[in-house]
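The values are calculated or read from the model by the stated rules, or taken from the named source; none is laboratory data. The model shown is predicted, which means the values in this text are computed figures rather than measured ones. Methodologically, a virtual Cβ is constructed for each residue, glycine included, from the backbone with ideal geometry; neighbour enumeration extends over all protein chains shown. Areas reflect the complete protein model, heavy atoms only, side chains present, ligands, DNA and RNA absent. Shrake-Rupley method; radii C 1.70, N 1.55, O 1.52, S 1.80 Å.
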Amino acid sequence: MSFPSVLTIIADRKSGPLKSEAIDVARTLVKGSKPVVLSEGEAVDIPCPKPGPGSASAATIRATLAPYRVDALLMKTRGRRKALLVADMDSTILTGETLDDLAALAGCGEEVAAITQASMNGELDFDTALERRVALLAGKPASLLEDVWQSLTLTDGARELVQTMKAHNARTALVSGGFTWFTQRVAELCSFDEHHGNALEIIDDTMTGKLAADILGPDAKRDHLERLTEERGVQLRAALTTGDGANDIPMLMAAGLGLAFHAKPNVRKIVGTQINFSGLRAHLFAQGYTAGTFVTD
């Protein structure tokens, strides 16, 4: 018997294996059938009936399973695999915030971090926050960008996510409110098909404190998503987006599968489909991929 819905539960590999008790609780919550293993000790699919009146909500399922430190994603079975990936960079594909790291080396770290936090929490509009932060970099040597690059770390599963989706004919794009100086290098490292970000003005190897082009903010991220789906010849429901900050909300809400990835509290209040414990591999399990089919060179 086939089921119209599926509950995927994923454990953080670094915190220990997926417990059988968590699987049993999940099955009970959704009246699910026998689990299908996606990755031994890490992720399973639980086929289940379509949620109806009296069914546990996604929020209830997530909260009930949170003590087990597992992520729970309740989705329709049909159309799980996506034809497009649009990903944020900072605190998503990368573990840190490149602008904050740059500011720390430039000696204005505390001021910039405070503005970043306000922006990510939705307390300050993105454009204003970015302009204020960039202005603090005026007169600083551009060589600091390379210093930051050498210290950056990819989030667990970043290359697997991008390359596995590409291997299955998906288009992949890195769309960031960060700087193109970094998006270009991260895109090459992970094999994204394209990248977009904000252009930092550099003259005579010195940051001017200005941007060299229009700001890429929340609406522009959604615009790139819409453009890419049109170019790919698919509808928005065939797209997967992921990000952590307030500037990601428009594209997360517009996509067929928008995943709030270790997101800020205000983002989690709005975006109900969340990855709070596991890494980027969860995005592949959410689409029904098994670990044996993951691709990375």
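In terms of its Cα atoms, the stretch 1-133 spans 60, 31, 29 Å along the principal axes, sorted from long to short.
Multiplying the residue separation of ARG237 and ASN169 by 0.36 nm and removing their Cα-Cα distance gives an extension gain of 22.9 nm.
Among rounded, prolate and oblate, which fits the stretch 207-296 when a ≥ b ≥ c are the square roots of the eigenvalues of its C-alpha gyration tensor, a/c under 1.5 means rounded, and a/b larger than b/c means prolate? Judged from the Cα gyration tensor, the stretch 207-296 comes out prolate (a/c at least 1.5, a/b above b/c). In this label model, SER151 and ASN266 are separated by 2.7 nm, measuring between points 7 Å along each Cα→Cβ vector. What's the longest piece of the chain with no exposed GluC sites (Glu not before Pro), counting a site as exposed if DSSP puts it in a loop and it has at most 15 other beta carbons within 10 Å? In short, 124-297. Using every pair of distinct Cα positions in the stretch 150-233, the Kirkwood expression returns a hydrodynamic radius of 14.2 angstrom. Can you pull the percent of the chain's accessible area that's carbon plus sulfur, 1.4 Å probe, other chains left in place? Accessible surface attributable to carbon and sulfur in the chain totals 50 percent. Taking amide H as placed 1.01 Å from N in the peptide plane, LEU211 has its amide H under 5 Å from the amide H of GLU201, each at least 5 places away in sequence or on another chain. The overall shape of the stretch 89-248, judged from the alpha-carbon gyration tensor, is prolate: a/c is not under 1.5, and a/b is greater than b/c. Between amide H atoms placed 1.01 Å from N, distances below 5 Å from LEU94 occur with THR155, all of them 5 or more places distant or on a separate chain.
Taking the Cα of ILE203, stepping 7 Å toward and past its beta carbon, and measuring to each backbone N in the stretch 109-143: which are under 18 Å? Hits in the stretch 109-143 for ILE203 at 18 Å: 134-143. In the structure shown, the pairs LYS76/LYS269; LYS19/LYS269; LYS76/LYS166; LYS221/LYS269 are assessed against 24 Å; a Cα-Cα span above that value is assigned to LYS19/LYS269. With a 1.4 Å probe and every protein chain left in place, work out the accessible area per residue of the stretch 97-239 in Å², rounded to a whole number. On a per-residue basis, the stretch 97-239 sits at 46 Å².
Label separation (ASP125 vs ALA66): 3.3 nm, computed from points 7 Å beyond Cα along the C-beta direction.
Compactness of the chain, taken as the C-alpha radius of gyration over 2.2 N^0.38 Å, stands at 1.03.
Taken about its Cα centre, the stretch 55-144 carries a charge dipole of roughly 900 debye when the Cβ of each Lys and Arg holds +1 and the Cβ of each Asp and Glu holds -1. Helical content of the chain, expressed as a calculated mean residue ellipticity at 222 nm, amounts to -11000 deg cm²/dmol (DSSP H runs of 4 or more residues, -39,500 (n - 2.57) each, divided by residue number, nearest 500).
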